[in-house]
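Structure first, then comments.
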Amino acid sequence: MLLLHLSDVDEADWAAKLKAELAPYPVVQRGDAFDPAEVRYIFVWKPKPDAFEGLTGLKAVLSLGAGVDALLKHPDLPDAPIVRFVDKDLSQRMSDYVVAHVTMHHRLYSRFRADQQAKRWSQFYPPSASETTVGIMGMGVLGQDAVSRLKPLGFDLRSWSRTPKAIEGVEGFAGQALFGEFLGGTDILVNLLPLTPETAGILNYETFSKLRRGQLAGGPAIVNAARGGHQREADIVKALGDGTLAAASLDVFEVEPLPESSPLWEIETCYITPHIAAISDPASGVRYFGGIIRAHEEGKPLINVVDRSRGY
Ligand code: NDP
Ligand code: OXD
């Protein structure tokens, strides 16, 4: 039996689609009558405190999200393997967001919009894409998809990950020891890291101060599409105010929804989206999780299992 426990998304829609995909395999929602001991898989997003109560026969926890930081903090998370969402459609959506914001900062959108508002004709040529270095933190599923889409646009690319990566056309940096060197050559910093104790707060004033200056007029830019816990918002406000950063694109926030009182709303060079960079699409997700359940029921191993010791 599959139990759905999805908060803040249309659970009924996912349930109807999963029922159709998996029939005759039983699929239930929280309000239905069922024996919790019969549940072999639970499909979760933002699980409530009692989400896992009585699930003594659990074979796997299926995460609607690609990021599992919040799930891993659940006090009653069972010992069963956690399968996260890894999906072409999700990667494409995230890369769409990354490409849109990287190209916007490369072409100095903030500067020319300010010129337009001031009715100022000020010819200024941004550097070419090949003279502009995009540094991506996190070279996993999403980071690798992003570089595959930024490469044909001609950007100079570099990556930072926990373990070394050899990707053609991307200068790889790994580990804390090389973080400063990675930042020192980066004009546009893109964050696609998972949120772990090691990466929390990594987008802070010290990090911003180490980015390359002089290549992009006005200063470097950041793009955070991973988690709000990666960023120190007070530091972003300060860095945008004193010119340490020229611009920031933020899809995620320390507190979501972003409170009305946040100063970020008022900053013209801060581009805010409400955690929509990449949604888990039901049609695609149902195929993915349906396939995982069917394969596992046939005795095949689970895929994309989270390594709890690493935290992602
Ligand atoms: P992956 O697990 O595939 O990749 C994670 C990458 O981060 C790996 O390259 C890993 O290094 C690197 N990494 C982890 N810890 C460290 C560290 N301490 N130092 C340096 N590098 C590190 O994740 P995904 O690409 O699938 O997703 C990334 C994140 O994107 C998710 O965790 C989620 O938070 C976020 N996300 C946001 C969405 C949105 O709508 N805003 C939608 C979907 C995801 P290594 O390769 O060496 O293991
Ligand atoms: C995810 C997200 O982790 O939507 O998938 O943030």
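Table for the structure above
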| item | result |
| --- | --- |
| Candidates 209, 262, 284, filtered to the one that is among the polar types (S, T, N, Q) and closer than 24 Å to residue 66 by Cβ | 284 |
| In region 255-264, the residues that are in a helix (DSSP H, G or I) and loosely packed, with under 11 Cβ neighbours inside 10 Å | none |
| In region 30-76, residue nearest to the chain's Cα centre (by Cα) [restricted to those that are of a type in the set (D, E, K, R) and within 16 Å of ligand 2 (Cβ to nearest atom)] | 69 |
| Filtered residue count, region 265-286, keeping only those that are more than 12 Å from residue 253 (Cβ to Cβ) and part of a helix (DSSP H, G or I) | 6 |
| Segments classed as helices (runs of 4 or more DSSP H), wholly inside region 66-166, with at least 3 members that are buried (at least 17 other Cβ atoms within 10 Å of the Cβ) and either away from ligand 1 (no atom under 16 Å from the Cβ) or assigned by TED's automatic domain parsing to the domain that holds residue 225 (or both) | 88-106, 109-117, 141-150 |
| Subset of region 287-311 (residues that are assigned to a loop (DSSP other than H, G, I, E, B), over 26 Å from residue 74 (Cα atoms) and in contact with an Asp or Glu (Cβ under 8 Å, 6 or more places away or on another chain)) | none |
| Subset tally (residues that are polar (S, T, N, Q) and at pLDDT below 95) for region 249-284 | 1 |
| Residue match in region 2-22 (condition: part of a loop (DSSP other than H, G, I, E, B) and under 22 Å from residue 302 (Cα atoms)) | no |
| Members of region 41-55 found to be in contact (Cβ under 8 Å) with a residue 40 or more places away in the chain and in a loop (DSSP other than H, G, I, E, B), listed by number | 46, 47, 48, 51, 55 |
| Residue within region 232-243 that is in the same structural domain as residue 266 (by TED's automatic domain parsing), more than 16 Å from ligand 2 (Cβ to nearest atom), farther than 26 Å from residue 275 by Cβ and over 15 Å from the mean Cα position of the chain (by Cα) present | yes |
| Scan of region 56-65 for residues that are in contact with a Pro (Cβ under 9 Å, 6 or more places away or on another chain) and part of a loop (DSSP other than H, G, I, E, B), ordered by number | 56, 57, 58, 59 |
| Considering residues of region 245-272 that are within 16 Å of ligand 2 (Cβ to nearest atom) and among the aliphatic types (A, V, I, L, M) only, the residue nearest to residue 205 (Cα to Cα) | 250 |
| Criterion: in the same structural domain as residue 126 (by TED's automatic domain parsing), surrounded by 20 or more Cβ atoms within 10 Å (Cβ to Cβ), among the aliphatic types (A, V, I, L, M) and in a strand (DSSP E or B) - qualifying residue of 248, 226 | 248 |
| Residue match in region 194-217 (condition: of a type outside the set (A, V, I, L, M) and in a strand (DSSP E or B)) | no |
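The values are calculated or read from the model by the stated rules, or taken from the named source; none is laboratory data. Computed from a predicted structure; not experimentally measured. Positions of Cβ are backbone-derived with ideal geometry, glycine not excepted, and every protein chain shown enters the neighbour counts.
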